[in-house]
1. If you take volume of the Cα convex hull per residue in Å³ from the coordinates, which of (i) 629; (ii) 169; (iii) 193 do you get?
2. If each residue's Cβ is checked for other Cβ atoms within 10 Å, how do 211, 376 rank with the fewest at the top?
3. At a 10 angstrom cut-off on C-beta neighbours, averaged per residue, how do the peptides 267-276, 437-446 rank from highest to lowest?
4. Please state the relative contact order of the chain as a whole percent: Cα pairs under 8 Å, 6+ residues apart?
5. Please work out how much length the chain gains when fully extended from residue 510 to residue 296, using 0.36 nm per residue of separation minus the C-alpha to C-alpha distance, in nm with one decimal.
6. Just report the Cα centroid separation between segment 545-595 and segment 129-201, whole Å.
7. Under a plain spin-label model, where a point goes 7 Å from the Cα along Cα-to-Cβ, how far apart in nm are residue 653 and residue 271?
8. Using Cβ contacts closer than 10 Å as the measure, can you line up 316, 592, 477 from fewest to most?
């Protein structure tokens with residue numbers, strides 16, 4: 001297997017590898033056999049089965065991992081407290097109960113793999129159960145801080161943060177480095193303190209990048225992790241095992257031709273066996289759901305000390321609760337019985353009846369009990385098929401897709417993100433913001449109940465404009481006011497403003513050379529073509545329009561001597577006339593138009609994040625060396641140097657200043673900041689007397705690589721991007 005993927009597996013609370021087995025331990029074993037870099041982490045609060053095992057794998061929170069020797073070294077409590085202080089400094093919070101030490105161990109392992117391979121991995125795959133799932137989420141945030149360019153993929157089962165940690169943003173916010181996210185949540189866990197993070201609680205930082213798949217199942221906390229002797233509740237673990245296998249292949253932990261790992265069967269807490277597994281077809285997965293419904297009582301029994309919100313609001317997680325367990329159950333039905341799905345759910349007026357009857361007969365033969373429920377739900381009596389039903393707008397994208405795929409999904413996600421961020425992060429609890437939140441939530445509910453995606457989109461657009469206008473007058477400095485103002489600017493409004501600006505400068509700007517005027521005409525034509533293109537979604541039009549305008553800054557500044565002299569002479573000639581249209585005023589207006597839209601980061605912000613990560617990794621290793629050098633001499637990676645750390649801070653501050661003053665996407669200013677940094681870097685090499693290309697140089701190259709495509713892309717090419 002390639003060395004460019006690292007796989008981590010985090011067990012749940014009190015689960016130790018020496019006396020506990022489940023799907024996680026089994027898949028870890030199979031991934032390790034394929035020579036993929038992988039590591040298994042015992043659960044917080046776990047205890048080894050015997051003294052020998054305790055020496056090899058002590059309880060989390062009582063040891064420090066040495067990556068060079070691959071040993072776990074017990075250390076005194078005072079040093080452990082210093083380690084926790086270090087993790088608190090990196091994360092901004094403490095995970096607690098030994099989890100901080102597990103996260104430190106993961107970072108050590110990653111750095112050792114980077115040292116061995118000479119480069120960072122392309123992806124890090126995180127798999128976790130219960131509190132182990134929460135460790136995965138916190139590690140994803142840490143990776144975003146220290147390695148922002150590495151993709152993270154996550155497979156979480158029963159993500160439980162633990163008492164007092166449910167509202168910690170690092171527990172429910174999915175950071176922007178996550179490319180693929182899958183989770184499974186149980187409906188029937190009734191113990192207090194086991195409230196899960198789930199689809200409606202997650203805040204997704206990068207909805208255009210992160211592919212989401214969240215599923216709910218019947219059963220208690222550990223149902224999905226292994227089969228048991230009770231066959232009445234083995235449908236869920238078989239489905240999750242199947243998902244786990246597919247996920248590990250898709251993300252590179254296992255090769256694409258790997259055999260299916262066996263099922264793990266639990267007979268008691270210390271007695272486990274294996275059973276042969278197989279890759280399930282869509283039809284077999286659908287059958288598992290149907291059989292699951294027949295045995296619902298076995299999954300749901302228990303003393304209801306604490307009813308989960310996902311159970312009380314189960315209807316919101318599925319298209320039709322009378323028939324389907326979760327969203328995947330519906331999607332499988334749509335795939336296997338497409339004519340029934342089109343007739344009864346998708347308002348297919350052009351659908352012919354014979355294929356519908358054929359699908360109905362097929363359903364009757366394969367799943368007679370589900371067939372009876374389907375007929376009752378859809379009003380089928382004595383074989384008579386009613387007229388096609390109107391299509392109801394299901395507000396969630398298909399499993400495995402990004403949350404933003406069209407205008408409606410973009411607006412829905414944006415509104416939810418603003419509301420959730422305000423509630424959990426900003427907490428602007430004023431009368432005005434509360435009123436706007438109620439308005440947005442009410443209109444979201446109306447939009448979801450609509451049978452027209454176009455009408456729902458228009459409703460949300462109108463609501464956003466209304467809310468933005470209200471807060472601009474009553475709470476103009478609030479977070480919600482600023483975000484809603486960004487969101488209220490549509491592509492047509494933006495393009496019209498830009499085209500009017502360029503049209504006026506074409507007609508009246510005496511400071512511009514004829515080649516610059518010709519370029520403005522070309523840009524205007526490109527913007528007009530973009531505006532009139534019906535195939536590009538509204539939210540994507542705005543992104544492309546911003547990209548066209550952003551690229552103008554460097555194109556206009558990249559002047560020949562003839563153009564430069566013309567601009568300078570015009571400036572001298574008209575300086576005292578206070579002319580409304582000048583070269584400098586045009587550049588200033590383009591800078592204003594280039595400011596990021598809602599949900600976007602500037603190039604300066606992205607670059608500053610990389611230099612910040614370099615500093616944090618360097619500070620991390622310096623602190624680690626100070627704390628642990630007396631117990632376990634851990635080598636500091638060779639690519640860090642004090643001079644480069646200082647230079648990283650200088651460049652970071654310049655980039656942050658550009659971002660602060662609205663120049664975060666000004667390519668000319670960005671290149672100047674990088675060029676100044678490179679000049680100082682060469683001075684460091686000259687002083688040292690040798691040139692060693694390292695991590696810092698790669699960051700500079702990566703940042704330049706993000707600017708040059710923007711420069712080289714002409715307006716017409718941007719339309720095709």
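1. The calculated read-out lines up with (iii).
2. 376, 211
3. Values: 267-276: 10.9, 437-446: 15.1.
Final packing ranking: 437-446, 267-276.
4. 10 percent
5. 69.3 nm
6. 48 Å
7. 6.7 nm
8. Ranking 316, 592, 477 by Cβ neighbours within 10 Å, fewest first, gives 477, 592, 316.
Read-outs throughout are calculated quantities, based only on the coordinates presented, and are distinct from any laboratory measurement. All figures in this text were calculated on a predicted structure; none of them were measured in a lab. Because the Cβ atoms are built from the backbone with ideal geometry, glycine has one as well, and the counts that use them run over all protein chains shown.
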